[in-house]
1. Could you run the Karplus curve 6.51 cos²θ - 1.76 cosθ + 1.60 with θ = phi - 60° over the range 106-119 and give me ³J(HN,Hα) per residue in whole Hz, x for Gly and Pro?
2. In nm, to one decimal, how far is the modelled label at Leu135 from the one at Asp148, with both set 7 Å along Cα→Cβ?
3. For a quick check: sort Trp40, Trp60 by the number of other beta carbons within 10 angstrom, fewest at the front.
4. What is the pair-distance distribution P(r) of the chain, computed from all Cα-Cα distances in 10 Å bins starting at 0, with each bin given as a whole percent?
5. Report the label-to-label distance for Arg38 and Ser111 in nanometres (one decimal), using points 7 Å from each Cα along the Cα→Cβ vector.
6. Run the simple label-point estimate for Ser158 and Glu51 please: 7 Å along Cα→C-beta, distance reported in nm.
7. List residues of the range 105-142, by number, whose backbone nitrogen lies under 17 Å from a label position 7 Å along Cα→C-beta of Asp98.
Amino acid sequence: MTSKVTLPADNQILITREFPARPALVWKAYTTPELIKRWWAGKRGTVTSAEVDLRVGGAWRYVMRANGGFEVAFHGEYREIIEPVRLVTTEAFEGIPDPDGHASTVTLTLSERDGRTYLEMLCEYRDRTDRDAVLESGMEGGMQESMDALELVATELS
């Protein structure tokens, strides 16, 4: 199963995907540090740190050692948590100047249909320029790999 990427507005990216696992298992894989380390980097490296303070106002930070030997890090803050159906966070890429000034808001929604999870991830950026920079970064390929790995982790939990 592959993820679908659409552009509903000039400053948005919408990612949708189905998983053959219940939402509680996808949620657990998505929010548990030891499990995040198994899927977040996809095939592009190794997650060296997954810090999660899963509470409104809490912070998260993921760091990966990429296959090319360089480090990639993202961080954000949890804004809304309704387990296991909705998670709203900010997301800032630490590899650019003023990462927090260019942070996106990511709204993850999980719903169940016939024992499967339907995921919607709406990424909202400051403007079209920021959105397009993300699209041009190769985000889609890395995201597909991460979502494939997330599926493996979530289905192993069942």
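1. Working through the residues one at a time gives 10, 10, 9, 10, 10, 10, 9, 9, 6, x, 10, 9, 9, 9 Hz.
2. The two pseudo-label positions are separated by 2.3 nm.
3. Lowest count first: Trp60, Trp40.
4. For the chain, the binned pair fractions read 11, 41, 40, 7, 0 percent.
5. Spacing of the two 7 Å Cα→Cβ label points: 2.8 nm.
6. 3.5 nm
7. Residues passing the 17 Å test: 105, 125-134.
Every read-out reported here was derived from the displayed coordinates using simple, explicitly stated rules and does not represent laboratory data. A quick note: this is a predicted structure, and the numbers were derived from the prediction, not measured. Methodologically, a virtual Cβ is constructed for each residue, glycine included, from the backbone with ideal geometry; neighbour enumeration extends over all protein chains shown.
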